[in-house]
């Protein structure tokens, strides 16, 4: 029997059999369920009820992290190949690849909890990257487990170019006396906690829907790809750039980069997307303008001021708002050292600095003429979808486990079925040899 068995080539490669005790079909199902729900236990229950498969939550976790790690390795190899390209080739479409008419890149950060009893090298990445002054890396936390994850959205979009601003008058929804105060409370940037609340809220997306209530038609999404990682910004940026290059976004006729005021967003734009038109998210600008308009005023007076200022911002006349804020700062005086973040003087000062720093990214009338997006609501939605899987007061991840799940979650949220192509590559690379457990 031993001699006869040696005459036959193991059929595992042709059958796509994994070098483990799990069949390829089951691997696919587990890998789909693991990052799709809110937990591994939920994935186990879904496999049982929908596919009649008894897979323990721990096994779901192990398989998800193993396959996710393979996808992470592929992503790293793609980024390394991109980095090795000549500089000129990095900023044009790959040979033979059709470029879209309109390409849009967005980026933002989320939160998750890391708890490693024996921290791997990945946990030291932010500290190692601190030597690069171009990035505002998150400092090591003195206490607690909350850490930042990074998410980018790569979009192809459809829109028309107009000879004049297609919507010169600000939509009535941005003057809604009920909606706007609620929105502004969610988007205040007084601290990390409020930023997290905004990412988990429906308000930014709801406010962006105001645009669809008007005659103005914002760009429509053609395709989207999500990139997510727990790595530091200096490591995350090449991943985003490599993915964008693969999609030929650099060769698009029209290109835009949309983000909030976070410094890392614009460091990413300058380094890898310098030819993309930089656009500050209008909704975040609105929240700053509202806060400054209300500072040390009655609601009625503040609301009247907000209506005037935000109409100027909508029309691209940000210089008028800056001049009004400078006058208001002179009336209130400069904030003193140690003054509360919510004090009127500090609120006005913060808004003035914000608008002055981003004035070149707030030409909203010109962006609408060019058919470019002016809000990052799609980015807020993507972060929220990532958060649904990885963020929770009861969820703690290892560094390697979080990276694997973030990658697979991003695959799930991307168009083009990247996992289907991965399984084909994986089968093609199989050795044809299969391990068997030794029987004692």
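The set of residues from segment 260-272 being surrounded by fewer than 24 Cβ atoms within 10 Å (Cβ to Cβ) and either at pLDDT 95 or above or in a helix (DSSP H, G or I) (or both) comprises 263, 264, 266, 267, 269, 270, 271, 272.
Any residue in segment 180-194 that is buried (at least 17 other Cβ atoms within 10 Å of the Cβ), modelled with pLDDT under 70, assigned by TED's automatic domain parsing to the domain that holds residue 250 and not in a strand (DSSP E or B)?
Applying the first criterion (buried (at least 17 other Cβ atoms within 10 Å of the Cβ)) to segment 180-194 yields 180, 183-184, 186-189.
Adding the requirement that they be modelled with pLDDT under 70 leaves 188-189.
Subset that is assigned by TED's automatic domain parsing to the domain that holds residue 250: 188-189.
Then keep just the ones that are not in a strand (DSSP E or B); that gives 188-189.
Among the residues of segment 180-194, at least one is buried (at least 17 other Cβ atoms within 10 Å of the Cβ), modelled with pLDDT under 70, assigned by TED's automatic domain parsing to the domain that holds residue 250 and not in a strand (DSSP E or B), which makes the answer yes.
Put simply, of 364, 306, 354, 288 the only residue that is touching a residue at least 60 places away in the same chain (Cβ under 8 Å) and over 30 Å from residue 150 (Cβ atoms) is 306. Within segment 297-312, not a single residue is surrounded by fewer than 18 Cβ atoms within 10 Å (Cβ to Cβ), outside any strand (DSSP E or B) and at positive phi. Is at least one residue of segment 362-378 assigned by TED's automatic domain parsing to the domain that holds residue 281, surrounded by 15 or more Cβ atoms within 10 Å (Cβ to Cβ), over 25 Å from the mean Cα position of the chain (by Cα) and over 30 Å from residue 35 (Cβ atoms)? Yes - at least one qualifying residue is present in segment 362-378. Residue count for segment 96-122 satisfying the condition of being modelled with pLDDT under 90 and surrounded by fewer than 17 Cβ atoms within 10 Å (Cβ to Cβ): 9.
Conditions (1) touching a helix residue (DSSP H, G or I) at 6+ places or on another chain (Cβ under 8 Å); (2) farther than 27 Å from residue 399 by Cβ; (3) outside the structural domain of residue 371 (by TED's automatic domain parsing), marked per residue:
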| position | (1), (2), (3) |
| --- | --- |
| 231 | yes, no, no |
| 239 | yes, no, no |
| 246 | yes, no, no |
| 251 | no, yes, no |
| 260 | yes, no, no |
| 289 | yes, yes, no |
| 300 | no, yes, no |
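Of all residue pairs spaced 6 or more apart or on separate chains, those with beta-carbon atoms under 7 Å, a first member in segment 141-157 that is touching a residue at least 24 places away in the same chain (Cβ under 8 Å) and a second member that is part of a strand (DSSP E or B) and surrounded by fewer than 13 Cβ atoms within 10 Å (Cβ to Cβ) are 157/220.
The values are calculated or read from the model by the stated rules, or taken from the named source; none is laboratory data. All values reported here derive from a predicted model rather than from experimental measurement. Backbone-built Cβ (ideal geometry, glycine too); neighbour counts: all protein chains shown.
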